[in-house]
1. Failed condition for residue 67, given (1) in a helix (DSSP H, G or I); (2) farther than 21 Å from residue 96 by Cα, with all others met?
2. Report whether or not residue 24 is in contact with a strand residue (DSSP E or B) (Cβ under 6 Å, 6 or more places away or on another chain), outside any loop (DSSP other than H, G, I, E, B) and at positive phi.
3. Just checking, which of 48, 108, 95 is at pLDDT below 95 and closer than 15 Å to residue 20 by Cα?
4. When you look at residue 35, is it under 21 Å from residue 106 (Cα atoms), touching a helix residue (DSSP H, G or I) at 6+ places or on another chain (Cβ under 9 Å) and either free of Cβ contacts under 8 Å to residues at least 24 places away in the same chain or surrounded by fewer than 18 Cβ atoms within 10 Å (Cβ to Cβ) (or both), yes or no?
């Protein structure tokens, strides 16, 4: 799979869950590529989780991308969780922006 510039995506399926790990940056320069990659990866999934633990930059366009993905996947019947430990950059942004009120944000994968 083509990797979005400045971001690397890895995925694995565990039972009904598709886990997507993103490393690097999510910003205006690559959100379309990240969106396309995520949507391709989650095709046929029942549940998905995007792990942002290793994201070192996330701008407002990246935040909007997460909201859009959450809404779009919900309409497709796919439950999305965002993994953003409170000690990570993404976790700090989730707390400051109160995105946990809009998104299902978790410290880590359950279990």
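1. It fails just one condition, (2).
2. Yes.
3. 108
4. So residue 35 fits the description; yes.
Residue by residue, here is whether (1) crowded, with 17+ Cβ neighbours inside 10 Å; (2) touching a residue at least 60 places away in the same chain (Cβ under 8 Å); (3) under 18 Å from residue 27 (Cβ atoms) holds:
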| position | (1), (2), (3) |
| --- | --- |
| 62 | yes, no, yes |
| 75 | no, no, no |
| 79 | no, no, no |
| 93 | yes, no, yes |
| 96 | no, no, yes |
| 100 | no, no, no |
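The values are calculated or read from the model by the stated rules, or taken from the named source; none is laboratory data. Every value quoted in this text rests on a predicted model; they were computed, and no experiment measured them. Glycine also receives a Cβ, built like all others from the backbone with ideal geometry; neighbour counts cover every protein chain displayed.
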